[in-house]
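Written out below as structure tokens is the structure these notes cover.
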Amino acid sequence: MQRPTPIHVIAYATSFAMVGVCTGLVLGGGGNVITFLAIRTLGVVAVLAIYLRVAGVAIALPARDRGIAVGIGLVQCLNAYLIAAAMAEIPVPLAVLIFYLWPAITSVASWLLGKEPFRWRMLFGLAAAFLGVGLALNVEFTSAQTQGVAFAFASAFTWSLIFMLSGHFFHGRDTRPLTFHMMAVVGTVFVLLCVASREIVLPSTTAGLVAVAAVPFFFAYAMIGLLAATGSLGPSRTGFYMNVEPVASVLLSAAILGQNLAPIQLVGAALVIAALFIFRPLKVPLPA
């Protein structure tokens, strides 16, 4: 596999943005959230299994680690449902912008737990992030859209929890087997929910069906690439270039979904994105 470069990471970020666009196409075409998540996750698990086999990475985990992976996977089930449900009610770029409050939430939680010292950069980043979301929400919403905003906020908190739990239990270790087990848990849960509800609803539009078929590959490509980049470039540099994802979401949602943000919302989006670069700056190595 070619050593990842910043250009590769930008491609992975764009692929993650396409996952949101595909979600919008499926749900806009009449697809069911749980059906979509079951198909998406099973496809990702299959692609990850093939990748790990080719890469020679053992999938098996010790019993304790497997139990932790199951626990984190259950949180990820909730996160996946929340962000998809949010995209069913509000524009995809707005849901993504709210979701990207998670770095701010994580920084505050790390500071309160004593895992990270307070930095003034954190305060400026928090102010920019929440002011940006406030501006992005400066439009009238229906009750359903208000619920979608609440789902998006909840998805930010659950993803922050996933990030902190993974870092706590698997810091400095190869997270690829963990990712596989987590995704397997997510897939199993949503398949069981489909069976229990007996509501397997696919989109009725061609674009929606194409999105169902394509989304596992976008998700798996982004996930595998992100893991490889983190191991090669380090989490800080990778995180910096992954900040491109909300930018790509805004642009791709406008081009493909026709979901354009109002001017005041674009100002808010710019502030949220600026806050990401404050929270995850590009660390340049000092000269020897």
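FYI, it's all coordinate maths here, none of it is from the lab. Note that the structure is a prediction, hence the values are computed from the model and not measured. Because the Cβ atoms are built from the backbone with ideal geometry, glycine has one as well, and the counts that use them run over all protein chains shown.
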**Prompt:** Does anything in region 239-275 have its amide N under 20 Å from the 7 Å Cα→Cβ label point of T142, and if so which residues?
**Reply:** 257-262
**Request:** Calculate, for A150 and R53, the FRET efficiency according to 1/(1 + (r/R0)^6) with r their C-beta to C-beta distance and R0 41 Å; round to the nearest 0.05.
**Result:** 0.50
**Complete:** With x for Gly and Pro, the residue-by-residue ³J(HN,Hα) of region 125-134, computed from phi through the Karplus equation 6.51 cos²θ - 1.76 cosθ + 1.60 at θ = phi - 60° and given in whole Hz, is x, 4, 4, 5, 5, 6, 5, x, 5, x
**Message:** I'd like the Karplus ³J(HN,Hα) series for region 251-257: coefficients 6.51, -1.76, 1.60, θ = phi - 60°, whole numbers in Hz, and an x wherever there's a Gly or Pro.
**Reply:** 5, 5, 5, 5, 6, 9, 9
**Request:** For region 6-279, go through all pairs of different Cα atoms, get the mean of 1/r, take its inverse, and jot down that Kirkwood value in Å.
**Result:** 19.0
**Item:** Mean Cα-pair separation over length for the chain, i.e. relative contact order, pairs under 8 Å, 6 or more apart, %
**Value:** 45
**Fill in**
By the Cα gyration tensor axes a ≥ b ≥ c (a/c under 1.5 gives rounded; else a/b larger than b/c gives prolate, otherwise oblate), the shape of region 47-200 is oblate
**Complete:** To the nearest 20 debye, region 6-279 has a Cα-centred charge dipole, built from +1 on Lys and Arg Cβ and -1 on Asp and Glu Cβ, of 600
**Request:** For region 6-279, build the charge dipole from Cβ charges (+1 Lys, Arg; -1 Asp, Glu) around the Cα centre, then report which of P246, V186, P62 sits farthest towards its positive end.
**Result:** P62
**Asked** Excluding the sites themselves, what is the longest stretch of the chain that contains no trypsin sites (Lys or Arg not before Pro) in a DSSP loop with at most 15 other C-beta atoms within 10 Å?
**Response** 1-114
